[in-house]
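Take a look at the structure set out below.
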Amino acid sequence: MRQDADLVAAAAAGDQASWDELVNRYVQFVWDAARRCHLGPALAADVCVVTWLRCADHLDDLLPACDLREWLTTSVAREAAGLLLASSPAPAGVSGTVLQRVIERRMDTGSERAV
């Protein structure tokens, strides 16, 4: 099995097969992360799509460290927080940053940490 760093480098260079392998490897992980944010299926799907679009746009930024799993987790949490904030106002006295931290903590306590 090819390492994430190799796949990211190849995908960044335009190799569609490497991109497909990355997506196939992490699609369930991204979905589970979105659902751990307590999003319904439709919003979770939106978060997943945006996360993959952002990943494609930032492949070069992931090199050379290439901690793709951490990047995907953070991206999902940010997208979920943005959708939750956009869909309903935060309770009085709770900032968006606080809400995002709550979502990230919920994700960190999830049992589905591995792909």
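Just so you know, all these numbers are worked out from the coordinates, no wet-lab data involved. Quick caveat: nothing in here was measured; it's all calculated off a predicted structure. When we count neighbours, we look across all protein chains shown, and the Cβ atoms used for this are built from the backbone with ideal geometry, even at glycine.
A few points about this structure:
- A protection proxy built from the mean count of other Cβ atoms within 10 Å ranks the segments 29-39, 57-67, 3-13, most packed first, as 29-39, 3-13, 57-67.
- Full extension of the chain segment joining Leu85 with His38 gains 15.6 nm, where the gain is 0.36 nm per residue of separation less the Cα-Cα distance.
- Spin-label pair Glu70/Gln3, simplified geometry with 7 Å Cα→Cβ offset, distance in nm: 1.6 nm
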